[in-house]
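Chemist: Next up is a structure, given as structure tokens.
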Amino acid sequence: MTLVENSNDATQLAKRFIDGSLEGRSRPPSKAAYARALKLARQAIEELTHVARRAGEPSR
């Protein structure tokens, strides 16, 4: 089983990452900035998961 099974899992992981990185900030980001960060983090998680799956496949 992989770390991220579907897009919803990637979104939840991205939210946890973004929220954790915002701890201690005096002012929260705008909704637009948060949405952009969430989208980029989710895409990165999905891409890393894809690369990890391919790396785990046996060579032909």
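Chemist: With springs only between Cα atoms under 10 Å apart, run a GNM on the chain and tell me which of Arg27, Arg36, Arg16 wobbles the most.
Modeler: The residue that fluctuates most here is Arg27.
Chemist: Further question on the same structure: Helix 31-56 versus the longest principal axis of the chain: what angle, 0 to 90°, nearest 10, using Cα atoms?
Modeler: 20
Chemist: Counting only heavy atoms of the protein chains, get the accessible area per residue of the chain (1.4 Å probe) and round it to a whole Å² value.
Modeler: With the other protein chains kept in place, the chain gives 85 Å² per residue.
Chemist: Sticking with this one: Which angle between 0 and 90 degrees, to the nearest 10, do you get for helix 7-21 versus the longest principal axis of the chain when only C-alpha atoms count?
Modeler: Orientation of helix 7-21: about 50 degrees from the principal axis.
Chemist: In addition: Which value in nm describes the separation of the simple spin-label points at Arg27 and Asp9, placed 7 Å from the Cα toward the beta carbon?
Modeler: Between Arg27 and Asp9, the label points sit 3.8 nm apart.
Chemist: So what's the back-of-envelope 222 nm ellipticity for the chain, counting only DSSP H runs of four-plus at -39500 (n - 2.57) apiece and dividing by all residues, rounded to 500?
Modeler: -23500 deg cm²/dmol
Chemist: I need to check one value: relative contact order of the chain, counting alpha carbon pairs closer than 8 Å and at least 6 residues apart, in percent.
Modeler: Dividing the mean separation by the residue count of the chain yields 50 percent.
Chemist: Of the listed values (i) 10.4, 32; (ii) 14.6, 45; (iii) 14.3, 53, grab the one calculated as Rg and Dmax of the Cα atoms in Å from the structure here.
Modeler: (iii)
Chemist: How many percent of the accessible area of the chain is carbon or sulfur, using a 1.4 Å probe?
Modeler: Result for the chain: 54 percent of the exposed heavy-atom area is carbon or sulfur.
The values are calculated or read from the model by the stated rules, or taken from the named source; none is laboratory data. None of the values given here were measured: they were computed from a predicted structure. All Cβ positions, glycine included, derive from the backbone under ideal geometry; neighbour counts span all protein chains shown. Remember, those area values only see protein heavy atoms, side chains included, never the ligands or the DNA or RNA. Shrake-Rupley method; radii C 1.70, N 1.55, O 1.52, S 1.80 Å.
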